[in-house]
Structures are given as structure tokens and as C-alpha cells.
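Colleague: Quick one: this structure, given as C-alpha cells, is what I'll be asking you about.
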Amino acid sequence: MIRNINQYSLSIIIPTMNEINSLKKTLKIIEKIKVKKEYLIIYSNQFTPLNIQKEIFKLKKKYKHLNYFPQKKPFVGGAIDLGIKKSKKKYLAIMAADLETNPYELKNMVKFSKKNLDSIISADRWISKKGFSEYGVIKFLANFFFQKLIKFFFKYEILDFTFAYRIYPKKVLKKYSISELRHGFALEMLLKPIKKGIKVVTVPAKWKKRVEGNSSITLQSYFSYLKVFCKNI
């Protein structure tokens, strides 16, 4: 583990399907963060249209530290798993290409990461005022009660266990392979390190509904959270 923040470096994993304009905006914003970094864009040969793939390939000309890879395992967890294996920096950030993970917030997360070098930095929508925008009442209530359920069983000082916007020390994910490939991977990637004694620092975050592309969340995605929960209690 590094002890000199001048050695801090960050691999930023961004899975994408067809949100090319949102991806470009995300890159433009996080490019301003003054840290040694690389972008790992993970796309799908099956679900990312060829014209979008070509746009992704062109981004390499603008961002020399950008690499792109077609995912091998399915679903968003499969994309993140590939990004972890391809990452080369000392720290690793996971976020989305659709702007539901606010790229402006990454700078603050990096700041916290530099101050807590051994910890996971996790964006938390529940400690932020108006942390949800256009989330939907039913979805909001389901999220609220599920978070309370997790907290009841695990007693961790965390309010948002399922928001996949985080920074990890690379060593925490050494030899790690995601087992739940649907959206439940986000819960898995928090519970497993915590159970091994890794500290989690939460920072306020705001979620806003995407304006481009279609969500990949299905009913099976929601069940995947329950699947991970039951495996870990």
C-alpha cells in the first residue's frame, strides 16, 4: 500500500452499452481531476451498436490513457469484473457511463481516498440531501427498506450498500472475482471486503435518472441483491 499520496494512481472502470454522449461528458469532467489515471471502457459486442463502438474507439485519440475492452462475462458485474482484471493502477474506481453516478463527485471521492489510503470510499445517496431525483416512489421505498434490512443484520455504519460508485485500494480486490454478475454485484463488492475487516468511508452523493440509453435493470437484477444478501448473512 502506498504511503505517499504523490504515488496515488487510479484506474476508472466505466461499463457502457449505448450512452455515448453521457460517456463523453463523463470523461470530459473527470479528465480535470489531477491524478495519474487510466480509463477502462467496457462495452458489449452483443448490446453495444457498432456505430457506438466506433465512437468509443475514437475516444482513444483524445484520451491517450484510455483503453477499451469487449466484456466476456455477461451483465454489468461481468463488465466490472473484467475492468478489475485489466486495471493497472494502485486504486480502482467503478462508476457508470449514464451520468447516474455524478462525475463531478469523483474529485471529492479521490480526495477522501487520499486521506484514507486503506479504505473503500463509497458514494452514499442516503446521507445526501435530495440524494434521489426521479427515482420513483416504489423503487425509493424498496431501496429504503432493503438498506435497513442489510443494516439490521450486519450492523455496519453504512446507509447505502447498493450504489455501485466507489473507489477501492487495488489490493482489496487482489485475486477477487465477482460471483454475482447482475446488479447484486454492488452489494457483494461491499459485504465481502467489510467481512474481512476493510474499512468503508462514505461520502454524500446524488443520483439522477439517466437521460440517454435504456436501463439494464430487470426483475432478476433486483432478485440478485437478495441472492447476495442471503449468501452473506
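For every residue, the table says whether it meets (1) surrounded by 13 or more Cβ atoms within 10 Å (Cβ to Cβ); (2) small (Gly, Ala, Ser); (3) at pLDDT below 95.
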{"site": "Ser133", "(1), (2), (3)": "no, yes, yes"}
{"site": "Asn143", "(1), (2), (3)": "yes, no, yes"}
{"site": "Phe153", "(1), (2), (3)": "no, no, yes"}
{"site": "Glu157", "(1), (2), (3)": "no, no, yes"}
{"site": "Phe163", "(1), (2), (3)": "yes, no, no"}
{"site": "Ile167", "(1), (2), (3)": "yes, no, no"}
{"site": "Gly184", "(1), (2), (3)": "yes, yes, no"}
{"site": "Leu190", "(1), (2), (3)": "yes, no, no"}
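Colleague: A follow-up question, please. Cβ-Cβ distance below 6 Å, separation of 6 or more or different chains: which pairs start in region 104-122 with a residue that is within 19 Å of Ile194 (Cβ to Cβ) and part of a strand (DSSP E or B) and end on one that is at pLDDT 95 or above and of a type in the set (Ser, Thr, Tyr)?
Modeller: Ile120/Tyr168; Ile121/Ser113; Ser122/Thr202
Colleague: Checking the structure you have, find out if any residue of region 44-59 is more than 28 Å from Ser177 (Cα to Cα), of a type outside the set (A, V, I, L, M) and surrounded by 13 or more Cβ atoms within 10 Å (Cβ to Cβ).
Modeller: yes
Colleague: Could you please give the count of residues in region 16-71 that are of a type in the set (Asp, Glu), over 19 Å from Tyr91 (Cα atoms) and not in a helix (DSSP H, G or I)? Quick ask: steps written out before the conclusion?
Modeller: Here is the first cut: in region 16-71, the residues of a type in the set (Asp, Glu) are 19, 31, 38, 55.
Adding the requirement that they be over 19 Å from Tyr91 (Cα atoms) leaves 19, 55.
If we keep only those that are not in a helix (DSSP H, G or I) too, we end up with 19.
Of the residues in region 16-71, 1 are of a type in the set (Asp, Glu), over 19 Å from Tyr91 (Cα atoms) and not in a helix (DSSP H, G or I).
Colleague: For residues that are in contact with a helix residue (DSSP H, G or I) (Cβ under 6 Å, 6 or more places away or on another chain) and at pLDDT below 95, scanning just region 5-49, find the one that is nearest to Lys114 (Cα to Cα).
Modeller: Result: Ile5.
Colleague: I'd like to verify a number: residues in region 72-85 that are touching a residue at least 60 places away in the same chain (Cβ under 8 Å) and either part of a loop (DSSP other than H, G, I, E, B) or touching a Cys at 6+ places or on another chain (Cβ under 6 Å) (or both), how many?
Modeller: Qualifying residue count for the region: 2.
Colleague: Of all residues in region 195-220, which are of a type in the set (Ser, Thr, Tyr) and buried (at least 17 other Cβ atoms within 10 Å of the Cβ)? So that I can check it myself, show each step before the final result.
Modeller: Applying the first criterion (of a type in the set (Ser, Thr, Tyr)) to region 195-220 yields 202, 215-216, 218.
Within region 195-220, just Thr202 meets the criteria.
Colleague: If you check Gly136, Gly131, which single one turns out to be out of contact with any His (no Cβ under 8 Å at 6 or more places or on another chain), of a type in the set (Gly, Ala, Ser) and free of Cβ contacts under 8 Å to residues at least 24 places away in the same chain?
Modeller: Residue meeting the stated conditions: Gly136.
Colleague: Given Leu92, Leu99, which one is in a loop (DSSP other than H, G, I, E, B) and touching a helix residue (DSSP H, G or I) at 6+ places or on another chain (Cβ under 6 Å)? Full working, then the answer.
Modeller: Details: Leu92 fails: in a loop (DSSP other than H, G, I, E, B).
One residue alone meets the criteria, Leu99.
Colleague: What is the number of the single condition among (1) within 18 Å of Gly83 (Cβ to Cβ); (2) free of Cβ contacts under 8 Å to residues at least 40 places away in the same chain that Glu38 does not meet?
Modeller: (2)
Colleague: While we're looking at this one, here's another question. If you go through region 206-233, how many residues are modelled with pLDDT under 85, under 15 Å from Met17 (Cα atoms) and among the aliphatic types (A, V, I, L, M)?
Modeller: 1
The values are calculated or read from the model by the stated rules, or taken from the named source; none is laboratory data. From a predicted model like this one, the values you see are computed outputs, not experimental measurements. Glycine also receives a Cβ, built like all others from the backbone with ideal geometry; neighbour counts cover every protein chain displayed.
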